[in-house]
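Enquirer: After the structure tokens below, expect a handful of questions from me.
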Amino acid sequence: MNNYLKLIRFPNLMIIAMTQYVMRYFIIQPILGINSIKLQFADIDFALLVLATVCMAAAGYIINDYFDTKADRINQKDVIVGRKIKRRVAMILHQLFAFTSIVLGGYISYKVGHWKFVFLFFMAGGLFWFYSTSYKYYFLLGSFLISLLAAAVPFLVVIYEIPPLNKTYAEVLIASKTNFNYLLYWVGAFSYFSFFGVLISQFVRDLVSTKGDREINRKSLPVVIGMKWAKVVIIALLLFLCSSVFGVWDQFLNAPLDKITPWYFSLLIILPLLFLAYRVYKYKEGNKFKTGIVLLRMVILSGIAYAFVVNYIIHHSNF
């Protein structure tokens, strides 16, 4: 059983599920509650959305491992497919997870009155497949696709929530000449952070898998532009993400009574990113750099967990 949980990256799947639940109940729900508006996407249907997302991610992890065994052996990673789980079994599991995701996605898309949304799951399945077989070998393409798919995880929540809201509160929206687009901005900020966090993570992982990437002719960032310039790009992205976080606070969250956000951003996001930039600067090829990858994962989780701070501020402010 442990091998199967490793194959589908069970901890990562739990993070995906947590992210979507946090977006719904700690961002969307309290923000709607300011105007006495309630969630309209049924809880059971939302649970199916989370399950569909998790199943698609599991399918993606499996198919990537299926086609990545050679590089993993060279980079001395734990190879599961072909050693601990038969390749045929892995492919069957991939197909089952992908099929389940598409079926569930089709059902909830029908329930919200936008059956075409199911193509989001078809597209995700196709991107995972082609990423594993070809796209990841192209310069930057694979990294950008994985980052986009990660950014879609929180954004799916608001995409499926807005249609039932529009249907229920149609008369109110018409009378007040408003809409629910502000939810897109709030959740979009978390998607933006997830995109750049995962993109940097992909590039950092490229630093430690350069040997294997060269063997399989994968055009990763350090393979194409060299280790020195790859480090420059990663450091520049880390500084850009730091400035983005500070800019969001300064322009949109700089409320006089909010004493938590500046400390939260500084201690849990900006300082760790700056420390990681220093570690990347000192990095030499051949190092395992596990602490850098773990640190970046913690920063991404801290970014998502800021939703709890938003929820606290809303419930302890006089709106």
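Enquirer: In segment 2-315, if the dipole is taken from +1 on Lys/Arg beta carbons and -1 on Asp/Glu beta carbons about the Cα centre, which of Y306, H94, P30 is farthest to the positive end?
Expert: Value: H94.
Enquirer: If you plug each phi of segment 228-234 into the Karplus form 6.51 cos²θ - 1.76 cosθ + 1.60 with θ = phi - 60°, what whole-Hz ³J(HN,Hα) values come out, in order, with x for Gly and Pro?
Expert: 4, 6, 5, 5, 4, 4, 5
Enquirer: Continuing with the same structure: If you take the square roots of the eigenvalues of the alpha-carbon gyration tensor of segment 126-277 and sort them as a ≥ b ≥ c, do you get rounded (a/c under 1.5), prolate (a/b over b/c) or oblate? Let's see the in-between values first.
Expert: Working: a/c = 3.82, a/b = 1.52, b/c = 2.52.
Oblate, because a/c is 1.5 or more while a/b does not exceed b/c.
Enquirer: Per 0.36 nm of contour for each residue apart, how much would the distance between F144 and Y4 grow if the chain were fully extended, relative to their Cα-Cα spacing?
Expert: The span from F144 to Y4 would gain 47.7 nm if fully extended.
Enquirer: For the charge dipole of the chain, defined by +1 on Lys and Arg C-beta atoms and -1 on Asp and Glu C-beta atoms about the Cα centroid, which residue among A58, G247, S266 has the Cα displaced farthest towards the positive pole?
Expert: Of the candidates, A58 comes out farthest on the positive side.
Enquirer: Now for a separate question. Place a +1 charge on the Cβ of each Lys and Arg in the chain and a -1 charge on the Cβ of each Asp and Glu, then give the dipole magnitude about the Cα centre in debye, rounded to the nearest 20. List each step's numbers first, then the result.
Expert: Details: 31 positive and 14 negative charges, 265 e Å.
Roughly 1280 debye for the chain.
Enquirer: Nearest 10 degrees is fine. How inclined is helix 181-208 to the longest principal axis of the chain, computing both from alpha carbons?
Expert: The answer is roughly 10 degrees.
Enquirer: Toward the positive end of the charge dipole of the chain, about the Cα centre and with charges on Cβ (Lys, Arg +1; Asp, Glu -1), which of A236, V112, Q20 goes farthest?
Expert: The residue sitting farthest along the positive end of the dipole is A236.
Enquirer: Between helix 118-133 and the chain, what is the angle of the helix's C-alpha long axis to the longest principal axis, kept within 0 to 90° and rounded to the nearest 10?
Expert: 20 degrees
Enquirer: Also: Return the lysines within reach of K282: Cα separation strictly under 22 angstrom, same-chain partners fewer than 8 residues apart disregarded; answer none if there are no such residues.
Expert: The qualifying lysines are K211, K228, K231, K290.
Enquirer: What is the ratio of the Cα radius of gyration of the chain to 2.2 N^0.38 Å, with N the residue count, to two decimals?
Expert: Working: Rg = 20.8 Å, N = 319, 2.2 N^0.38 = 19.7 Å.
So the chain has a normalised radius of gyration of 1.06.
No value in this document is a laboratory result; all are computed from the given coordinates. Note that this is a predicted model, so its numbers are computed, not measured. So basically every Cβ, Gly included, is an ideal-geometry build from the backbone, and we count neighbours across all protein chains shown.
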